[in-house]
Amino acid sequence: MDTMNKDRLESLSAKFKAMSHPTRLWMVEQLIREEHSVCDFVVALKLDHSTVSNHLSILKQAFIIEDEKRGKHVYYSLRADCMTDIIRCMEEKIGNIR
């Protein structure tokens, strides 16, 4: 494996790793539907603000989501709209295979 290919695969692997936590995957599924604020996720998940922010930061660093500050609130939306197809593919094609 050459260096360029290894770098590309490591970058892609980091994105899949960001998605590998159930809470973050749930967040992405919610963001597929509509944007949400940190507060929305805190209430829905019953987690503290710092834990939610940490999960969102991991997804943002992986370029899966993006944020926009509006007044005192930060709203998150899906940047990688291909996640819809990836999740659907995983469920339909290999979801029941163990």
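Data for the structure
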item	result
Relative packing of 82-89, 69-76, which averages over residues the other C-beta atoms within 10 Å, highest first	82-89, 69-76
Sequence-distant lysines (8 or more away, or on other chains) whose Cα lies within less than 17 Å of Lys6	Lys15, Lys17
Mean Cβ neighbour count within 10 Å, used as a protection proxy, ranking 28-39, 10-21 highest first	28-39, 10-21
Positive-end residue, the chain charge dipole about Cα centroid, Cβ charges, pick of Ile87, Ile32, Ser20	Ser20
Debye, to nearest 20: dipole size of the chain, +1 on Lys, Arg Cβ, -1 on Asp, Glu Cβ	200 debye
Kirkwood Rh in Å, taken over the stretch 3-94 so that all alpha-carbon pairs contribute	13.9 Å
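Each value in this text was obtained by applying a stated rule to the coordinates, not by laboratory testing. Quick caveat, the model's predicted, so the values are computed rather than measured. Heads up, the Cβs are rebuilt from the backbone with ideal geometry, glycines too, and the neighbour counts pull from every protein chain shown.
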